[in-house]
Amino acid sequence: MTRRTLGAALVTATALAATPGIVAAEPAPQSERTTKPSIHMLEGFSFVPNRYMQEKQRFNKDIYSLKSGATIQLKNRSEEEPHTLSIVSRSDVPKTPRALGGCFEGGVCGALLQAHQFPQGDGDPAVPLLNKGAPGLDVKGDSMYLKGGASKSVKLSAKAGSTLSFICILHPWMQAKITVR
């Protein structure tokens, strides 16, 4: 998160804190015209002094219905935060705070971070694309890394009738799925 974003969030939250019961809401993203199906990684931040702070990193939808063979445009709308789109099994999707921690400690997030060869601390992975099955997105373990502000295209190679659960392994509360038609 940039200082500018944090500053804007603090000013907004401070102003709204004077009005009981009101919390700053992030504006909806503007739609983009594209011929390709798209998945966007979004950011946001909410802060109420002496109450709470909330990160709002998420995918722009919970469920995507996409045709097998489609080329998907991935767009990281966060200018600073990197994200991944990582295919995981449904049982690997964390559903509790404890499961979020477990995702890194012996779970799928830790395993995929290691497979991407992320450096200790900050930095880009040595292996930005993991492809376990056919080229494109089709099986558990397929994972794409996107720097802040980056866009990439990927083919949906999963068979019609399948469902792909995915998360960002850096921010595993970012969760969605693709139903393949």
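The values are calculated or read from the model by the stated rules, or taken from the named source; none is laboratory data. Being a predicted model, the structure only gives us computed values, none of them experimental. All Cβ positions, glycine included, derive from the backbone under ideal geometry; neighbour counts span all protein chains shown.
Points to keep in mind about this one:
- Criterion (assigned to a loop (DSSP other than H, G, I, E, B) and either among the aromatic types (F, W, Y) or on the phi > 0 side of the Ramachandran plot (or both)) met by exactly one of G121, G148: G121
- Test set (1) among the basic types (K, R); (2) surrounded by fewer than 16 Cβ atoms within 10 Å (Cβ to Cβ); (3) within 19 Å of K61 (Cβ to Cβ) - K177 fails condition number: (2)
- In segment 100-118, the residues that are assigned to a helix (DSSP H, G or I) and over 29 Å from S157 (Cα atoms): G101, G102
Matching residues to (1) among the aromatic types (F, W, Y); (2) in contact with a His (Cβ under 6 Å, 6 or more places away or on another chain); (3) surrounded by 15 or more Cβ atoms within 10 Å (Cβ to Cβ); (4) closer than 22 Å to T179 by Cα:
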residue	(1), (2), (3), (4)
L66	no, no, yes, yes
S78	no, no, yes, no
T84	no, no, yes, yes
S91	no, no, no, yes
D138	no, no, yes, yes
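- No other residue among A115, A111 is touching a strand residue (DSSP E or B) at 6+ places or on another chain (Cβ under 7 Å), modelled with pLDDT of 95 or more and either on the phi > 0 side of the Ramachandran plot or among the hydrophobic types (A, V, I, L, M, F, W, C) (or both) apart from A115.
- Residue within segment 149-161 that is free of Cβ contacts under 8 Å to residues at least 24 places away in the same chain, more than 14 Å from the chain's Cα centre (by Cα) and more than 12 Å from I39 (Cβ to Cβ) present: yes
- When segment 94-126 is filtered for residues that are surrounded by 13 or more Cβ atoms within 10 Å (Cβ to Cβ) and β-branched (V, I, T), only V108 remains.
- Where A99 falls short, out of the listed (1) over 18 Å from K177 (Cβ atoms); (2) without any contact (Cβ under 8 Å) to a residue 12 or more places away in the chain; (3) among the hydrophobic types (A, V, I, L, M, F, W, C): (1)
- From the list V93, V88, V108, the lone residue that is in contact with an Asp or Glu (Cβ under 7 Å, 6 or more places away or on another chain) and touching a residue at least 24 places away in the same chain (Cβ under 8 Å) is V108.
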